[in-house]
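The values are calculated or read from the model by the stated rules, or taken from the named source; none is laboratory data. If you're wondering where the values come from, they're calculated on a predicted model, not measured in any experiment. Virtual Cβ from ideal backbone geometry, glycine too; neighbours counted across all protein chains shown. Note: areas computed on protein heavy atoms with side chains; ligands, DNA, RNA excluded. Shrake-Rupley method; radii C 1.70, N 1.55, O 1.52, S 1.80 Å.
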Amino acid sequence: MGSEEFQTARGTRDVLSPETWQFEAMRRLALRWAVRYGYELIETPIFEKSPVFLRVGASTDIVQHERYQFVDAGGDDLTLRPEGTAAVARAYVQHGLASAVQPVKLCYYGPMFRRERPQAGRFRQHTQFGVELFGSRSPLADAEVMLLGCRIVDAAGLRNPEIRVNSLGCDRCRPQYRRALVDFFTARREELCQDCQTRLEQNPLRLLDCKVDVAVRQEAPDLENYWCDDCRAHITTVIEIVAASGQIIRRDRHLVRGLDYYTRTVFEVGHPGLGDQVALFGGGRYDGLTANLGGESVPSVGFGMGIERLLSALPTALPTLVPDRAYVAHLPGFERQAYLWALKLRDEGIAVDADMLERSLKAQLKEAGRRARLALIVGGTEWSQGNVAVRDLTQGSQDVVALEEVVEYMKTRLQEGEL
RNA sequence: GUGGAUGUAGCUCAGUUGGUUAGAGCACCAGGUUGUGGCCCUGGGGGUCGGGGGUUCAAGUCCCCUCAUUCACCCCA
């Protein structure tokens, strides 16, 4: 097991083969769909100057308590990114993408860091795929990002995902609702749990999704009755478009989200197998974000998707990208010839292994049987006649092939992979 | 940050009311077959019993602390 101090840090883990290939396949799947929907790929650093995140989520748990923040040797105050949106918005402003052709549709894929207590589907380092659509205030934009997310989930093998959606209103209507909410809960303060009493002061909207005070919250005023005409029209249209596409969507009047930059639309897609609390992906609209980062105000929508969660929820593994392998075994005295053949076959595009432990033919074939589909056996009478024995390790059959035909023979017998 | 459960070989786990050198299956290596894997047989390597302290003639086993894992809460992907 090894010494404790030399193990992965809490909430992090190694991913070994074959699981690594599942991650790789997932990444390709997500990017493939994003490209179909017209997105460009962006990569931002995994750490940013701390103010980038502080500015965007000052009141949220993930930047208040869960930050991996450090001061480097030069005195810079830096933070490992806890989410993708702030960083991508920062890049949008920094590179003047506001003057590019709108809308600007970007997607990203990479690790995120939050110092949380690990548990099922929750890690201190996890991988997110996300998209951000800048420059459109149309309900079509909201619908499009939701639908893209659902396509990826569905294509990965989780059929018929269900979107839960809500509108938090805008600068005009949300303050009124907020006041009504505070009034309502203040009057019934004694009935609230400890957490909710503090939420009442810090983030009243959060009272809506408390799992303890379900009875009280049922009676709380509904956002729907406070939406202004524009907000009402917006969320209504979003739901109509998504539904018209055949995608399941329903409003959840208790859905609010943790990042406080959201305006109007917020949404989540969960999965029963993961427990109802955790979302596969979630996001919303954040019309004021770029303004907070020193740019002009640009309407935008996006989501973040938890890759570890999605992979662990899949009923069956993703198709593998790994090609069939071959193994070049040898009789005593033919190590060098065998190795040269392995090199030649690799140059021909075939995945090939060869013995590096000076093992017996028996041991070589044993290893080959575990990791390869075909084994070449170099040496002996076949070799002296200009041939080589090729053994099919799944069937147990064996052919003698002329050396000049080996490459072609192998290519037709082995299934190619994407890697 | 709060609460519960669990830590014995690479993996999955036995280990009787505390009692000799801590076991099995799988995996790994070698031999049986000096030109052929998968089955079978034989042998082998591999463990500070998570760590520290305590009780005891004696601790994997009992007690305390600690660390890790895990589940739930908080929050979130």
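Dividing the summed -39500 (n - 2.57) terms of all DSSP H runs of n ≥ 4 by the residue count of chain A sets its mean residue ellipticity at 222 nm at -10500 deg cm²/dmol. Using a Gaussian network for chain A with springs between C-alpha atoms less than 10 Å apart, which of these wobbles most: A:380, A:149, A:283? The residue that fluctuates most here is A:380. Over chain A, with a Gaussian network built from C-alpha contacts below 10 Å, which listed residue (A:146, A:26, A:356) shows the highest mean-square fluctuation? The residue that fluctuates most here is A:356. Among the protein heavy atoms of region A:107-159, carbon and sulfur supply 44% of the accessible surface, probe 1.4 Å, non-protein parts ignored.
Counting only residues at least eight positions apart within a chain, or on another chain, the lysines with an alpha carbon under 17 Å from that of residue A:344 are A:411.
Each of the peptides A:156-166, A:301-311, A:381-391 was scored by the mean count of other Cβ atoms within 10 Å over its residues; in descending order, highest first, they stand as A:301-311, A:156-166, A:381-391.
Nearest 5 is fine: what % of DSSP beta bridges in region A:325-413 come out antiparallel, could you say?
Numbers: 9 of 18 bridges.
Taking every DSSP beta bridge with both residues in region A:325-413, the antiparallel ones total about 50 percent.
Cα centroids of region A:44-68 and region A:367-393: 58 Å apart. Within chain A, DSSP assigns beta bridges of which about 75% are antiparallel (rounded to the nearest 5). Taking a ≥ b ≥ c as the square roots of the eigenvalues of the alpha carbon gyration tensor, region A:211-254 is oblate, as a/c is not under 1.5 and a/b does not beat b/c.
Mind running the shape call on chain A? Use the C-alpha gyration tensor, a ≥ b ≥ c as the square roots of the eigenvalues: rounded below 1.5 for a/c, prolate if a/b tops b/c, oblate otherwise.
Prolate, because a/c is 1.5 or more and a/b exceeds b/c.
Farthest towards the positive end of the charge dipole of chain A, among the residues A:317, A:7, A:65, is the Cα of A:65, using unit charges on the Cβ of Lys, Arg, Asp and Glu. Ranked by the mean number of other Cβ atoms within 10 Å of their residues, highest first, the peptides A:324-330, A:136-142 fall in the order A:324-330, A:136-142. Classify region A:325-413: rounded, prolate or oblate, from the alpha-carbon gyration tensor (a ≥ b ≥ c, eigenvalue square roots; a/c under 1.5 rounded; otherwise prolate if a/b is larger than b/c)? Here region A:325-413 falls in the rounded category. Rounded to the nearest 20 debye, the dipole size of chain A about its Cα centre is 540 debye, using +1 on the Cβ of Lys and Arg and -1 on the Cβ of Asp and Glu. For the pair residue A:101 and residue A:194, the difference between a 0.36 nm per residue extended length and the Cα-Cα distance amounts to 28.5 nm. Annotation: extensible slack from residue A:360 through residue A:78 equals 96.0 nm (criterion: 0.36 nm per residue apart, minus Cα-Cα distance).
Highest mobility in the GNM of chain A, judged by mean-square fluctuation with C-alpha springs under 10 Å and restricted to A:179, A:250, A:115, is found for A:179.
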